[in-house]
Every structure is written in structure tokens, then in C-alpha cells.
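The values are calculated or read from the model by the stated rules, or taken from the named source; none is laboratory data. Just so it is clear, the model here is predicted, and its values are computed rather than measured. So basically every Cβ, Gly included, is an ideal-geometry build from the backbone, and we count neighbours across all protein chains shown. SASA here: full protein model, heavy atoms, side chains in, ligands and nucleic acids out. Shrake-Rupley method; radii C 1.70, N 1.55, O 1.52, S 1.80 Å.
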Amino acid sequence: MFGKGAKRKLDEDEEGLEGKTLEVAGGGLGLVPEGLSKVSYTLQRQTIFNISLMKLYSQRPLGEPSLERRVLINNMLRRIQDELKQEGSLRPLLLPPSPPPDDPMDEGFREAPPSFGVLSAAAPQPSALLMPAIIPPPSPHPMVPPNGLASQACPAPLESCLTPASLLEEDGGDSAFCTPSPPTPPLSPPPAQPPPLPSALLSPASPRVPAPASSNDGLPSALSDMELGPPTAITRTAAANTTTVTTSPSPTPLTQSPHLASLSPSLAGPLRDYKTAGAKPEAAGAELRPMDTLPTLPTLPPGGLVDISSSPSSPSSPSGFLSDLALDDVLFADIDTSMYDFDPCTTAGAVGATAGGGLTKLPPVVTADDLLKSLASPYSGPAPQVSANQPFKIDLTELDHIMEVLVGS
Amino acid sequence: MGRGENIAHLVQPGRRQKTQQEPLDVDPLIIRFLRTFREILKFVLFSYTVLFGALLLARTTQQTRVSSSKSRARDRYPLSEPLIMAGAGGGNSDVQWCFSQVKGAIDDDVAEADIISTVEFNHSGELLATGDKGGRVVIFQQEPETKNQPQCRGEYNVYSTFQSHEPEFDYLKSLEIEEKINKIRWLPQKNAAQFLLSTNDKTIKLWKISERDKRPEGYNLKEEDGRYRDLNTVTTLRVPVFRPMDLMVEASPRRVFANAHTYHINSISVNSDCETYLSADDLRINLWNLEINDRSFNIVDIKPANMEELTEVITAAEFHPNQCNTFVYSSSKGTIRLCDMRASALCDKHTKQFEEPEDPNNRSFFSEIISSISDVKFSHSGRYMMTRDYLSVKIWDLNMESRPVETYQVHEYLRSKLCSLYENDCIFDKFECCWNGNDSVVMTGSYNNFFRMFDRGYRQDVTLEASRENSKPRSVLKPRKVSTGGKRKKDEISVDSLDFNKKILHTAWHPLDNIIAVATTNNLYIFQEKLN
């Protein structure tokens, strides 16, 4: 959970980034702390949201998890969800959070309709909110105007936030180490069955409209889904993820930025995965591609980097799933992985492992700007774009196939 | 009347007539005797008063001199015990705690089944019961004080060990039912045998622990080893007699109270009437009769009709120590509800609700989770109750519902670490708390094998550590300190170097003496007050 010594440097970097943002923001004193605390607040909230989902996921095989613990985590999620709802809904992105696999012991809890249905709309919002918060201070950016609109769209009354600014300020250092470590369960797709990728390659990318519909249908039975374990739900989420991107074939920067923002937390996870181990799953890498293709990405403001860097490392278990896919070597053999020397498994595995001295070590922070720079260089040309889309579509077909298999079973 | 007549009286000389004196008004003998007796009585009373006053004076001076030798004082002056205890509070600088014993394996490799899950003294303090994750109950007995070492209280040695619960498998739900002992509660002793209730997640058992030190010998039909005798060899008849044998302690299950709880049992509490007890799980509380094991009454049910709306669970429950109709239960939202069973059969509607309004300065994402109460304990007097949430210990007066009368911060330095504690699940740890014998000091556990004592009277607190390093016999425990600021003094521990795997969740205080039992992960430490 908490990285090695090397990460400390990055953490200082991040703190430096936040400090820079503070300086750049300069301006009204009243605005700056608000802006910064809002950022860290939303960061923290997103982190806690992800941790909570992850907790509801991981279940001991035989023993029943404590009802009190689940109720408390549920309450936390509900509260965050209510906050996000309160802060206004941007485009309701179909991002169904993988519902917690229910404990069969809970006779009643099982049949409950999903209380997290709205989370689909809510989840991408924090990232979207981050963009407006971060964009104004830095240099002019093609995304600024639309995000300016976005910022107008969400009034985000800070008074309704739970954490006072003072706590966030002092927690700033802590939130820096809080945020990156937890994984994003809904967005790290471990397809339970490794799909036949070569066949997927051949099949054309079919319109993905039915996919969101099916994932929507999945939502009402989210909490009661016993048949669909976490991997399949995650897969569905990933499908929805990728689906949303492809349904907007000619993405304007505006439409893509929220997608980007929503994907970036998820993608950073698989992104890092794919970077560190060359043979990382094709699914993760495929999701990486649309991010690569955005020319605006490398010029994202530091806040954006903070956003990505805040994304937690992917959990160890999904990376285990993803390693089954065989297309990695074929597609990404030319990727330079030299700069990544940490294993996301150890960082994420600590979530489930005992964290005895955990608090002493700072969590790993993604070398986001390095990452993006490396990405920008090889993939700025149009040709990679085409090839980038290709594995993306492959991923879609593969996920679609998985869903068909699941629905059929 | 002639002059002569009178003169006759006058002129007659003569001897002076001895005027007959007025006869003394002599009372009858009995009255005289009673008067004397009254005098004697007065004298006696007076002398007794003088003596009694002298005696009192002697007693008070003796108390102050021999204040530390509690056992002796207790034996000779039972009334003076509370005074002594009040003077020697836990956090008071007078009291020093020293190591007495440690039970359990020494090696760091902790077997899962050896993790201690509950610790409880019995009502006299002579017996100490521990339950572990493997379903076993181990009872220690205090050795009687020896004459040659009156200053040192007896040691606790193993008295009985038995397997209380076995792991079960719920085939209907395809789930394993852990055999971990969640709670042990002793019953007040009525006869020679001891009784205790032990519970795991689903089943409560009443155990009888009895001693056997005699056995019958001399049966006619059986040999000593149990084989039946050949009837041809029986030539005479004899009466079996009891002969002494080595002490044997037997534990036998007398009642099994099963199948009454859908959710995990978290508390049991014996009523002061010694006939009933309650068992509480996450959503319901049941009332049992100790004699009847196939029927229980549900007295609290907070399960919502739609489980999706579930936001609050019951975390602990306890009967009032003196009033047999009153009990309290705490919730995961930080509220305590006091219920009176006389009001109605189903006590869903509480009589009193104790809740402290949230401090707006300390609000965070984790406010609700850290407000969840992990333990509630009545004071011995029954006037106060103590609750333990994640960061603090609160003492409530039963007459005031709006806020606690005292709040003690156990480890406030963890407030800034709540996010990571949430991540590694430490924020869900259930710490217990306990009162000392006269309700002047409260104790609770923390991380890094630290435990804290708060003296209510002297407003002092101390942090001590239960570790093998301090395990020299009768070595005094040194107070520990966690450094919160940047500057770390010598001997202080920084927050970041705390070991969150070493947590003290279960502690118990002897009901009469200053002896405490503190359970680390798999070891049981017994500390005593330092005696001169």
C-alpha cells in the first residue's frame, strides 16, 4: 500500500505541484484556499469512494463479513453519492459501479434494489469537477471554455461538504498519500474468461448502444446480483467505460474531457499496469489508447496530472486476471517500460494485507507527467491513432463477447 | 376549756419528748435497686462511649498508616475498603503498576486459534476466564495469599480449559459459523460450582465448572477400574465410601441456547435477578431464562422492513447492575438507548436516548464510522455508564441524555490518519473498556500494545504498554507517550511507528483489587499494583 523510498520523491513532486497550483492561482485569497481544498476534498472523496467500493467487493471466502462494517461502508457510499447528486449532475455517464457481491447470509439485504444506481451518474462527476477547478489557474487550454461551462453547470456548494477546509489543508499531505493507494475496482476490468482475442480482432466494432443498455439493466439488480461476481461486474463497467467513448465517435474536447476525466482514474490504474509489465492485459492497454490519442493530454495542467496521479493503483487481483490475455506481447512490445520500477501488485495488495507499519510509508504516486510525456512522444502521430483505435475496438468486442457469454449463462 | 388543761401540757416538765422523727420515706427495695442500677448503667454507657471513641481514633490512624496493605485491611476492616480504593486510583501518582504474569506463547508467530477474543473476571475476582478464536475457554484461578508474603497477591494459574464451541457450517447459506468466543459472562455464585455463559456468533452455552476432590470407593459390583466383578467372587457386601483424590475440575455444558439469532451475536448480559439474560445481535435483542433453552423473547428489533434502508445496527447491550428491568443498547451511529422492560413487551421505543451532538469542527468523512460505539459498560454503582467509540471514552450520567459528563481522548493523534485506517480496516476495530472496582478509574486499549487508564477523580491519565520487554517480575511499568508534534522527545514514540497489528481490544479489571488483565493478540498480561 505504501511505496518504497522512490515514491517519496514523487510525493514531494506532487506536493510541489499542488504548491505550484497554489502559487499560480495566486489571486484572491478567498478563492485559492477554496479552490485547493475543493480539489483535495474531491480527491479525498473520490478516494474514499473507491476504497469503499473495493471493501464491499473483497469478501472472505467462507466467513461472512460483519454486517456493521458493511452498513458503515454503505452509509459512506450513500453519503458521497448524495453529495455528488447535490453538486449537480453533469452528463450522466454510464459508469455502473460494480455492486458489492451480497452476503448470502443477509436474507433481506440481498433483495434490496440498488441504492447505488445513481452512482453511475455520480462517479465521473468528481473528475469532471476536478477539471473546472484545476483548469482556470493554469495556462489557457482548449478545454478551458467548455470546462468553464462545466464549472458553471455544477454550483458545488462547498458548505455541504463534510470536511472543513482546515482539516483538508492539514490532511493535504495525508490526502496525497491517501489518494493514490486505493484501487479503482469499478474501472479495472478483469474479464473472468479470457476472451478469444484473435477472433475479436477480426470482428468489426459493432455499435455499442446495446451495451450501455444492458449495463443499465444490470444496475437495478446490482445489489442482488449473486450470479455476477465482482469480475463480471467490473467487466461490465469496463464495457460501459469503453462504450461511452466509442459512442461519441467524433469526440469534441468537451465530450472527451469528461470521458477522459472519468477514464483517467481508471486508466491510470491499468495504464500503470500496462506500463510496468510489458505483458499487461490488452484490455487495459486498449483503454489507454484513446487517452493517448488526445493531443491535449500532455498539456494538461498540473491539476490534471494531480487528477491522474491521484488515481489509485489497480488492485492486484484484477491485474492477475488481465495477465491472461495474450495480445499484450503482440500489441505493446515496443512500449518502453524502463521508467516504471514498481509493482502495482505490492502497492495494491497491501489493501487486503495487514498494514502493520503501513502508515509509516507514503503511498505510491503515479509518475503521471513522466507517463504522459512518454505516451505523447510515441503516440502523437496519426498512424498510432489508427492502431490505437484498433485494439480499442478489439477490447470492445472482447468485452461484448464476455457479456454475451455471461448473459447467456 | 380551762386554763388548766392547756397548762397541763405546758407545765409538765419532763423529759423532752423524743419527737418521733418522720419515718424516712424509704422506697421499696426494688425501686432502690433500680435506681442503683440506673446509675451503674449511666456509668457503663459513659465508659463505652469513651472506649468507642478511642477505638475510632485508633482505626483512622491505622488506615492512613496501612493504606497500601489492602488485603489485610480488607479482612479486618471491611468497611474501610472503599476509602482505600478511592485513595489509590489508577492514574494517581500513588499507584504504580507492575508486571505480574503473562500467559500464552512467546513466539511471534501467532496461531489464529490462539487469538484471545474475550477476558472476564468473575464476581469475586478469584477466577479469570479467557476465550479465544479457536472456541476454547481457559479459566485461571488466583492462588490464595500466602502467609509469608502478605504483600504479594496471589498468582493466577490455569484452573480449567475446555472447548466451548466448535466450528459449524450453515448448509442453508453455505457459510461457516466461526467458533470464536465473542463474550463470556460469569453468573453470580450460588453454590460450590461456578457458572458462566459463553457465546459465539450464533449459539450461547451455559457451562458449569465444578470441582471434584473425592470419589467413591468400594463398590460391590465393580472393580476400582470399572470392570464388572465376577459375581462368584462377591462374598460380602460393603458400603462404598468417599475417599479423597486429586483435585479435578470439570466443565460441563448445562444449557445450549441455539437458533435464536439470524445475525452475529455481539453481547450477552446477565440480569441482576440472576434468572434471565439478554443476547444481542446486529439487529435484535433476545431475552432468555437461564433455565429454558428452547424459547426466548425478542425485546428489541431494529430490522427495517426493507433491508435496503438499513443504516444502523446494534453494537452492544447490557443490563443495569441493580435494576432488573433496565438495559441499554448502543448503535453504530453513536447513540445509546435505555429501555425499560416494564413499559412494553417489545422495547423498540426507548425510554431514554443518549446522544452527543456532533462537533462541527471535527466533521469528516469518517465522523459516522468513528462515532460507532464498540462497547458500553455500566458502572458498578449503576449511576453511570461508559461508552467506547473509536477515538474516545465517554462517561454518561443516566440522568442526562444530552451529552456525556466526561470525555477522554484515547488516541486523538489518529484523527489525521483516519483515511489510511479506513483503508486497512483498523477503523472498524472494536475496543472494549472497563471500570475499576469503585468506579474511580476506567481503562481501555489502543494500538502498539498500549492501554490507557483515566482517573476520573484526579483527572489524570496514563499510557502503559503490555510487552515482553517489560516482563520482569514485579518490574514497574513505565508510562509511555506518543509524540504528536514534530519534536519527538526521547522515549516517545511517533505516530508513524505505531504497530497497528498489535492492538489491545480486551481488558478486564478485578472487581475488588487493583489487578488488571490485558489481552494482546495471543498473550494475556496480568498487572498488579505495586505494593510496598
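Starting from the amide H of B:R255, placed 1.01 Å from N in the peptide plane, find each other amide H under 5 Å away whose residue is 5 or more places distant or on another chain.
For B:R255, whose amide H was placed from the backbone, the distant partners under 5 Å are B:L206.
Distance from the Cα centre of the stretch B:239-255 to that of the stretch B:365-391, in angstrom?
43
Taking each residue of B:311-324 in turn, how many C-beta atoms of other protein chains fall within 10 Å of its C-beta, and what is the average?
Working: counts 5, 4, 7, 2, 1, 0, 0, 0, 0, 0, 0, 0, 0, 0.
Counting Cβ atoms of other protein chains within 10 Å of each residue's Cβ and averaging gives 1.
Quick one: if the Förster radius is 30 Å, what FRET efficiency do B:V239 and B:N289 give, using the C-beta to C-beta distance and rounding to 0.05? Provide the component values of the computation, followed by the final result.
Numbers: r = 40 Å, r/R0 = 1.34.
Efficiency for this residue pair is about 0.15.
7 Å from Cα along Cα→Cβ at both B:F297 and B:R383: what's the point-to-point distance in nm?
Placing both labels 7 Å along Cα→Cβ, they lie 3.1 nm apart.
What is the spin-label model distance, in nm, from B:Q96 to B:T49 if the labels are put 7 Å beyond Cα along the C-beta direction?
Result: 4.8 nm between the two label points.
Output the 0 to 90 degree angle, nearest 10, between the alpha-carbon long axis of helix B:29-65 and the longest principal axis computed from the alpha carbons of chain B.
For helix B:29-65, the angle is close to 30 degrees.
B:T311 to B:D246: extension gain in nm, 0.36 nm per residue of separation minus the Cα-Cα distance? Kindly include the intermediate steps, with their values, before the conclusion.
Working: separation 65, 0.36 × 65 = 23.40 nm, distance 5.58 nm.
So the chain would gain 17.8 nm between B:T311 and B:D246.
Tabulate in residue order the Karplus-calculated ³J(HN,Hα) for the stretch B:364-369, using 6.51 cos²θ - 1.76 cosθ + 1.60 with θ = phi - 60°, rounded to whole Hz; enter x for Gly and Pro.
7, 4, 9, 4, 5, 5
Relative contact order for chain B: what is it in percent, counting Cα pairs under 8 Å that are at least 6 residues apart? Present the calculation step by step, with values, prior to reporting the outcome.
On the way: 1090 pairs, mean separation 69.1, N = 532.
Dividing the mean separation by the residue count of chain B yields 13 percent.
Averaged across the residues of B:497-504, what count of C-beta atoms belonging to other chains lies within 10 Å of each residue's C-beta? Let's see the in-between values first.
Details: counts 3, 4, 4, 6, 5, 1, 0, 0.
Whole-number average of other-chain Cβ neighbours for B:497-504 is 3.
Skipping prolines and chain starts, which residues have an amide H placed within reach, meaning under 5 Å, of the one on B:S379, given they are 5 or more residues away or on another chain?
Here the answer is B:Y384, B:M385, B:M386, since their amide H atoms fall under 5 Å of that of B:S379.
Which value in deg cm²/dmol, rounded to the nearest 500, describes the helix-derived mean residue ellipticity at 222 nm for chain B, given -39,500 (n - 2.57) per DSSP H run of n ≥ 4 and division by the residue count? Walk me through the numbers on the way to the answer.
Values: 6 runs with 71 residues, N = 532.
Helix-only estimate at 222 nm: -4000 deg cm²/dmol.
When Cβ neighbours within 10 Å are restricted to other protein chains, what is their mean count per residue of peptide B:357-368?
Mean inter-chain Cβ contacts per residue within 10 Å come to 4.
Please give the contour-minus-distance gain from B:T351 to B:N399: 0.36 nm per residue of separation, less the Cα-Cα distance, rounded to one decimal in nm.
On the way: separation 48, 0.36 × 48 = 17.28 nm, distance 1.15 nm.
Full extension of this stretch gives 16.1 nm more.
Provide the packing ranking of B:380-387, B:313-320, i.e. peptides ordered by the mean count of other C-beta atoms within 10 Å per residue, highest first. Write down the numbers at each step before the final one.
Working: B:380-387: 18.8, B:313-320: 23.2.
Going from most to least packed, we get B:313-320, B:380-387.
Normalised by the residues of the stretch B:465-523, what does the relative contact order come to in percent, with Cα pairs under 8 Å and at least six apart? If you can, show how the numbers build up before the last one.
Working: 49 pairs, mean separation 13.2, N = 59.
Computed value for the stretch B:465-523: 22 percent relative contact order.
Tell me which of B:F52, B:A345, B:W435 sits at the most positive position along the dipole axis of chain B, charges placed on C-beta atoms (Lys, Arg +1; Asp, Glu -1).
B:F52
In whole Hz and in residue order, list the ³J(HN,Hα) couplings for the stretch B:313-330 that follow from phi through the Karplus curve 6.51 cos²θ - 1.76 cosθ + 1.60, θ = phi - 60°; x for Gly and Pro.
For the stretch B:313-330, the Karplus curve yields 10, 7, 10, 7, 8, 7, 7, 5, x, 10, 8, 7, 9, 10, 8, 10, 9, 10 Hz.
Heads up, I need the accessible area for B:T60: 1.4 angstrom probe, whole protein in place, Å², nearest 10.
The value for B:T60 is about 70 Å².
Based on the Cβ-Cβ distance from B:R474 to B:D340, what FRET efficiency comes out when R0 is 41 Å, to the nearest 0.05? Show your work: numbers first, answer last.
Working: r = 48 Å, r/R0 = 1.16.
E(calc), rounded to 0.05, equals 0.30.
Taking the Cα centre of the stretch B:388-443 as origin, sum charge times position over the Cβ atoms of Lys and Arg (+1) and Asp and Glu (-1), and report the length of that vector in debye to the nearest 20. Each step should come with its number before you reach the end.
Details: 6 positive and 10 negative charges, 26 e Å.
The calculation lands at about 120 debye.
Treating only the Cβ atoms of Lys and Arg (+1) and Asp and Glu (-1) as charged, compute the dipole magnitude of chain B about its Cα centre; round to the nearest 20 debye.
Numbers: 70 positive and 74 negative charges, 630 e Å.
Taking the Cα centre of chain B as origin, the dipole is about 3020 debye.
In terms of modelled amide H atoms, which long-range or inter-chain residues lie less than 5 Å from the amide H of B:I299?
Result for B:I299 returns B:I285, B:N286, B:L287.
Report the label-to-label distance for B:N220 and B:N322 in nanometres (one decimal), using points 7 Å from each Cα along the Cα→Cβ vector.
Label at B:N220, label at B:N322, 5.9 nm between them.
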